[in-house]
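All of the numbers you see were taken from the coordinates with simple rules; none came from a lab. Note that the coordinates shown come from a computational prediction; the quantities given were computed from them, not determined experimentally. We place every Cβ from the backbone using ideal geometry, glycine too, and count neighbours over all the protein chains shown.
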Number of protein chains: 2
Amino acid sequence: MKIQEIARLANVSIATVSRTVNRVATVDPVLARRVRRVIEKEGYYPNTHARALGSGRSRVFGLMVPEVSTPFFPEVIQAFTRLGVQHNYEILLSSVFRDRRLLETAARQMIERRVDGVAILTFGEEESLIDIFRRRRVPVFAIDADCAGRLLKSVRIDYEPGIRQTVQHLAALGHKRIAYVGGTARLKTALMRKNAFQACMQEIGLTVSPEIIMEGDHTMEAGADAAMALSSRRERPTAIVCSNDLTAIGVIRKAFDLSLDIPEDLSVVGFDDIPFAQHVIPPLTTVQISQKEIADAAFAALLNAAEPALDGDARSLNSIPTYLVVRASTGMAPDRLRDARRSPPRGAYGQTNRYI
Amino acid sequence: MKIQEIARLANVSIATVSRTVNRVATVDPVLARRVRRVIEKEGYYPNTHARALGSGRSRVFGLMVPEVSTPFFPEVIQAFTRLGVQHNYEILLSSVFRDRRLLETAARQMIERRVDGVAILTFGEEESLIDIFRRRRVPVFAIDADCAGRLLKSVRIDYEPGIRQTVQHLAALGHKRIAYVGGTARLKTALMRKNAFQACMQEIGLTVSPEIIMEGDHTMEAGADAAMALSSRRERPTAIVCSNDLTAIGVIRKAFDLSLDIPEDLSVVGFDDIPFAQHVIPPLTTVQISQKEIADAAFAALLNAAEPALDGDARSLNSIPTYLVVRASTGMAPDRLRDARRSPPRGAYGQTNRYI
DNA sequence: CTGTTAGCGCGTTCAA
DNA sequence: TTGAACGCGCTAACAG
């Protein structure tokens, strides 16, 4: 079933059918209705490839993530895809990670598909990709990209608010020795989180001894290892801030093995707020980055690039904030707790999240 | 940069360029090398849409899942996509769930893109979708589909082995009162799991009182609710088998709140083996369905339909088995435990999984 | 083995 | 407002 048949059956030209399908306003309503009738009746599905070829626009956006199965990314994909449906764009998904060859294959795929834009959310290795696309004049969206031009849109993620809230939340609970378990220093975002942590500690006059700043790799194993190491420090920290949730969960698990009670003996804070964070025992206090806001920003940027007519580059925010979500893995520092009348009943975790 | 330019620069016809790109064997190696040189130098990326239009094949497979952010599906997507890369297919992803309109939009998108096949992994609402695609002669893969024809490939998931292992594992540990928390009866797969459970219990002469067969909805909340309800039964069950992992995790959490020790007071078994299952405290004993095997089966079926030449429909298995993975959420029944010399040390969970 | 040519199905001029 | 005709970039016959 092609456009020709519809035209013949509706007694109009293919141009009219095309206009009807594309909702061009200047089509005679009577003809339009007749055409739509036939389309409905015959079950006509316009061929996307022919459309793309004729119009020069594919109505496909690329989305590159490091791994679809790492928590956090599925949410982004979901939100991004949903926006795609709303605006009639398809999403070409690629998961690229570390492997330079796969990475280029993915980029090639996007370009051969003539995507109208690409969102690169790989958090760390986008540099070389951006170049490839720039050469082909494909609009790109990337997190925390250094420069921005007509073809490269970006937003900063503002780690400080969430981390400041974290540090001050812990300080208010009486914690002084606060450890930090970061990600690998190769990752720009991991570095930014760590710097923000150190800055926020200094702001309120807390010192951060280097011996309780650990470098992990954002896995649960790394969290467990770090917890083990930290537990044998002369002056054991009373709180551990982690640069992602998996690390924090690893810390919690190891603490359990070491018979440390959380939060009575040790407070733990994560980062990302993956869906599982609220179901860990105890529910994890963590810094939230809205996956939805990231997806929104990315999609809006690409849409703007693809259809500049719409609203002339307006309403593009340029930084995404972070927030602390207080759950049950943080509590008063042990010494302060001893002074308190009695400890809160175990297992009485509230269902709702508190934001400060 | 189009094929014409490459042809001109390499001093050959566009047909030769096309053949070179498509690795047709009969091209003079000298010419081929010359062409490849130019392609490389000019950075030529063949236009996928034009290719699809000319050849009548899109090299795109559709993949429909209920929700990308539910654990289990990301793994399937990952595996499926990886196979796509290997065989030079792109994946058009759609998450469809409950909403009839979105569902049809998704199907329309697939058809308009002229996908060479669709894998429908929605576990429950594929019926109407299958029809739409059959009409358009699009090959479809679906789990547990009733009939199969040339256009509809399918595999059964064999729930019984895993559930039989579960039941016998628990029986061997001395459990007699074994409860079951299933999913909604609307879901065919949930029903199949429940039936398998009841059959396997009867096999070994254990009775299943209806009052400890609960119906949930595959969420953590449902698990918690069921655990609460079961804990107040006159004769409390000593083990709970759940029809998915989230439910099991909900049970565990509620048990924690109720100060029930797992596995000393209560054994819990899940289903699916989502990645998080091994990181729950205690690590969850669960029935595993290999996400990879599902993805493999789906992809192989679609590939066979799209390129029948390859190996003539061979090596297509028609059932995917399930296995019990024993971790730390199951243990001896309480009465038997009392007889034992001493309980195993808390927190000494092994890192490796045991399969029976 | 190579080149010529006719579509693939639709968007988009340009006249009418 | 409508229609005829051309072109998008490539594949696939077929002829050489």
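Looking only at residues in segment B:6-23 that are surrounded by fewer than 17 Cβ atoms within 10 Å (Cβ to Cβ) and more than 8 Å from DNA strand D (Cβ to nearest atom), which one is farthest from the other protein chains (Cβ to nearest Cβ)?
My answer is B:Asn11.
Which condition does B:His218 not pass, out of (1) part of a helix (DSSP H, G or I); (2) within 25 Å of the chain's Cα centre (by Cα), if it passes all the others?
(1)
If you scan segment A:1-58, which residues turn out to be more than 30 Å from A:Val118 (Cβ to Cβ) and not in a helix (DSSP H, G or I)?
Correct list: A:Met1, A:Lys2, A:Asn11, A:Val12, A:Ser13, A:Ala25, A:Thr26, A:Val27, A:Asp28, A:Gly43, A:Tyr44.
Given the residues B:Arg137, B:Arg156, which is the only one that is in contact (Cβ under 8 Å) with a residue 12 or more places away in the chain, within 19 Å of B:Val60 (Cα to Cα) and surrounded by fewer than 18 Cβ atoms within 10 Å (Cβ to Cβ)?
Numbers: B:Arg156 fails: within 19 Å of B:Val60 (Cα to Cα).
Just a single option satisfies the conditions, and that option is B:Arg137.
Here is a check on your reading of the model: is B:Ala222 under 22 Å from B:Gly331 (Cα atoms), within 14 Å of chain A (Cβ to nearest Cβ), in contact with a Ser or Thr (Cβ under 7 Å, 6 or more places away or on another chain) and surrounded by 21 or more Cβ atoms within 10 Å (Cβ to Cβ)?
It is false that B:Ala222 is under 22 Å from B:Gly331 (Cα atoms), within 14 Å of chain A (Cβ to nearest Cβ), in contact with a Ser or Thr (Cβ under 7 Å, 6 or more places away or on another chain) and surrounded by 21 or more Cβ atoms within 10 Å (Cβ to Cβ).
Suppose the filter is more than 7 Å from chain B (Cβ to nearest Cβ), touching a helix residue (DSSP H, G or I) at 6+ places or on another chain (Cβ under 7 Å), surrounded by fewer than 22 Cβ atoms within 10 Å (Cβ to Cβ) and farther than 14 Å from B:Gln78 by Cβ; does A:Ala79 pass it?
Against the criterion (more than 7 Å from chain B (Cβ to nearest Cβ), touching a helix residue (DSSP H, G or I) at 6+ places or on another chain (Cβ under 7 Å), surrounded by fewer than 22 Cβ atoms within 10 Å (Cβ to Cβ) and farther than 14 Å from B:Gln78 by Cβ), A:Ala79 qualifies.
Please enumerate the residues belonging to segment B:75-101 that are within 16 Å of DNA strand D (Cβ to nearest atom) and aromatic (Phe, Trp, Tyr).
Scanning segment B:75-101 gives a single hit, B:Tyr89.
Residues checked against (1) in a helix (DSSP H, G or I); (2) of a type outside the set (Phe, Trp, Tyr):
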{"site": "B:Ser128", "(1), (2)": "yes, yes"}
{"site": "B:Asp131", "(1), (2)": "yes, yes"}
{"site": "B:Phe141", "(1), (2)": "no, no"}
{"site": "B:Ser154", "(1), (2)": "no, yes"}
{"site": "B:Pro161", "(1), (2)": "yes, yes"}
{"site": "B:Gln168", "(1), (2)": "yes, yes"}
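Would you check if A:Gly43 is more than 12 Å from DNA strand D (Cβ to nearest atom) and on the phi > 0 side of the Ramachandran plot? Break it down into steps so the answer makes sense when it comes.
Working: more than 12 Å from DNA strand D (Cβ to nearest atom): yes; on the phi > 0 side of the Ramachandran plot: yes.
Yes: the conditions hold for A:Gly43.
Can you find a residue that is away from DNA strand D (no atom under 16 Å from the Cβ), in a helix (DSSP H, G or I) and under 30 Å from B:His218 (Cβ atoms) anywhere in segment B:60-74?
Yes, because at least one residue in segment B:60-74 is away from DNA strand D (no atom under 16 Å from the Cβ), in a helix (DSSP H, G or I) and under 30 Å from B:His218 (Cβ atoms).
Hey, B:Val38 hits all of (1) within 16 Å of DNA strand D (Cβ to nearest atom); (2) within 28 Å of B:Glu307 (Cβ to Cβ); (3) surrounded by 16 or more Cβ atoms within 10 Å (Cβ to Cβ) but one; which does it fall short on?
(2)
Within segment B:41-76, count every residue that is under 29 Å from A:Ser55 (Cα atoms), away from DNA strand C (no atom under 16 Å from the Cβ) and surrounded by 17 or more Cβ atoms within 10 Å (Cβ to Cβ).
6
Just to check your reading of the model, which residue among A:Phe271, A:Phe299 is assigned to a helix (DSSP H, G or I) and buried (at least 20 other Cβ atoms within 10 Å of the Cβ)?
A:Phe299
Filter segment B:82-103 for residues that are among the polar types (S, T, N, Q) and at the interface with another protein chain (Cβ under 7 Å from one of its Cβ atoms) and give the result.
Once the filter is applied, which keeps residues that are among the polar types (S, T, N, Q) and at the interface with another protein chain (Cβ under 7 Å from one of its Cβ atoms), segment B:82-103 yields only B:Ser95.
Count, please, the residues in segment B:35-58 that happen to be under 18 Å from B:Gly84 (Cα atoms) and within 10 Å of chain A (Cβ to nearest Cβ). Step through it out loud before you land on a result.
Start the filter on segment B:35-58 by keeping residues that are under 18 Å from B:Gly84 (Cα atoms), which leaves B:48-49, B:51-52, B:57-58.
Checking which are within 10 Å of chain A (Cβ to nearest Cβ) leaves us with B:48-49, B:51-52, B:58.
Adding up the residues that qualify gives 5.
Pairs needed: first member in segment B:12-31, farther than 23 Å from A:Arg108 by Cα; second member anywhere, polar (S, T, N, Q) and near DNA strand C (Cβ under 7 Å from one of its atoms); C-beta distance under 8 Å; at least 6 residues apart or different chains.
B:Val27/B:Thr16; B:Leu31/B:Thr16
Quick check on segment B:229-241. Is at least one of its residues assigned to a helix (DSSP H, G or I), farther than 25 Å from B:Pro275 by Cβ and among the acidic types (Asp, Glu)?
We begin by selecting, within segment B:229-241, every residue assigned to a helix (DSSP H, G or I); these are B:229-231.
With the extra rule that they be farther than 25 Å from B:Pro275 by Cβ, the set shrinks to B:229-231.
Narrowing the set further to residues that are among the acidic types (Asp, Glu) leaves none.
Checked segment B:229-241: no residue is assigned to a helix (DSSP H, G or I), farther than 25 Å from B:Pro275 by Cβ and among the acidic types (Asp, Glu).
Of the residues that sit in segment B:234-281 and are more than 14 Å from chain A (Cβ to nearest Cβ), touching a Ser or Thr at 6+ places or on another chain (Cβ under 9 Å) and free of Cβ contacts under 8 Å to residues at least 60 places away in the same chain, which one is farthest from B:Phe73 (Cα to Cα)?
B:Glu235
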